[in-house]
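First the structure, in the form of structure tokens, and then the observations on it.
The values are calculated or read from the model by the stated rules, or taken from the named source; none is laboratory data. As the structure is a prediction and not an experimental result, all values here were calculated from the model. Note: ideal-geometry Cβ built from the backbone for every residue, glycine included; neighbour counts use all protein chains shown. Note: accessible area is taken over every heavy atom of the protein model, side chains too, but ligands, DNA and RNA are not part of it. Shrake-Rupley method; radii C 1.70, N 1.55, O 1.52, S 1.80 Å.
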Amino acid sequence: MTPHARVPVPAVPPGTADDGFTALVAKITAETSFGCSSYKERCLRRRIAVRMRARSAESYPAYAQVLDSDTGEYLRLLDALTVNVTRFFRDRVTFDLMAAQVIPALWQRGATRVWSAGTASGEEAYSVAALFHQHAHARGEEEALARVRITGTDIDRASLDAAHRACYALHAFAEMPPELLDPLFPALGESRGVSPALRAMVRFERGDLLRDPPPAAGFDLIVCRNVIIYLGQAAQEELLLRFHRALAPGGFLVLGRVETVLGAPRRLFAPVSTRERVYRRVA
Ligand SMILES: C[S@@+](CC[C@H](N)C(=O)[O-])C[C@H]1O[C@@H](n2cnc3c(N)ncnc32)[C@H](O)[C@@H]1O
């Protein structure tokens with residue numbers, strides 16, 4: 001991060017017209033690789049407010065001064081801007097639908113590439129690996145798991161470090177089907193790890209969904225949940241077009257309950273489940 005001149009904006013309370021928010025966001029964008037303009041303003045304000053409270057900054061210009069005097073604050077701010085909450089089998093119904101309809105269809109396709117986009121600390125990627133393992137085990141075809149490659153990507157390095165460590169607190173497994181727990185996620189005292197069979201299927205890398213190329217081409221399944229909800233409409237559409245290009249023909253896109261395909265990308269995806277927001281690439 002380069003030293004930055006102080007932002008000369010009036011110190012009026014957040015939420016007031018000309019409260020210095022625009023100047024602060026321009027500063028953050030200039031100093032970091034985080035594309036603030038793609039995110040919904042109210043989300044940005046909420047997340048920045050977390051750091052302002054932590055640093056007792058009562059206005060955006062005051063917080064800009066904190067950033068000027070302590071560049072380490074940029075890292076803490078980026079950590080706050082990326083909401084990293086996740087867990088295994090989050091919103092379990094979506095995973096049940098994947099187990100019933102998506103995994104069996106992919107299993108017949110042979111070599112399978114999966115992208116967990118915005119994977120946070122890896123629980124989503126390992127959950128998808130567990131679905132494939134369950135399917136293979138039921139058919140006595142575990143050796144065929146070698147053809148499944150799952151890539152988890154995220155913009156947040158600390159989350160990816162946790163994904164690589166693959167050691168999770170017990171509450172992260174609250175929605176996990178109990179029969180998968182002991183065989184695939186061995187107990188490690190007060191936490192659980194991830195079995196070598198699953199780890200062999202999953203790799204992680206850093207990537208910005210809005211700026212970097214996808215980690216590969218021709219994905220059979222892209223899972224991107226609880227990510228696009230934070231983006232503005234234009235960025236959402238751009239990301240869906242990116243996913244369309246990254247999918248193989250007939251490939252699945254799983255967004256989960258809180259997100260949906262809107263705008264121009266609608267014609268590119270056919271719904272498999274409108275409720276769980278599961279789609280297939282049609283064009
Ligand atoms: C709420 S978590 C969702 C994790 C998981 N997909 C789930 O549903 O449980 C959102 C994740 O998206 C990541 N993220 C946000 N913007 C991103 C971007 N532009 N590129 C890559 N990852 C991003 C955040 O770092 C965070 O880890």
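Observations
- Bins of 10 Å from zero: percent of alpha-carbon pairs in the chain: 6, 27, 31, 21, 12, 3, 0
- Accessible area of the range 11-131 divided out per residue, in Å², using a probe of 1.4 angstrom: 40 Å²
- Beta bridges assigned by DSSP with both partners in the chain are antiparallel in approximately 40 percent of cases.
- Gyration tensor verdict on the range 198-283 (Cα atoms; rounded if a/c is under 1.5, prolate if a/b is larger than b/c, oblate otherwise): rounded
- Mean accessible surface per residue for the range 173-224, computed with a 1.4 Å probe while every protein chain stays in place, in Å²: 46 Å²
- Among S59, L75, V282 the positive-end extreme of the charge dipole of the chain (Cβ point charges): V282
- R257 contributes about 90 Å² of solvent-accessible surface, heavy atoms of the protein only, 1.4 Å probe.
- Estimated Rh, the range 218-268: Kirkwood, alpha-carbon pairs, angstrom: 11.0 Å
- With every protein chain in place, the chain: carbon and sulfur % of accessible area (1.4 Å): 53 percent
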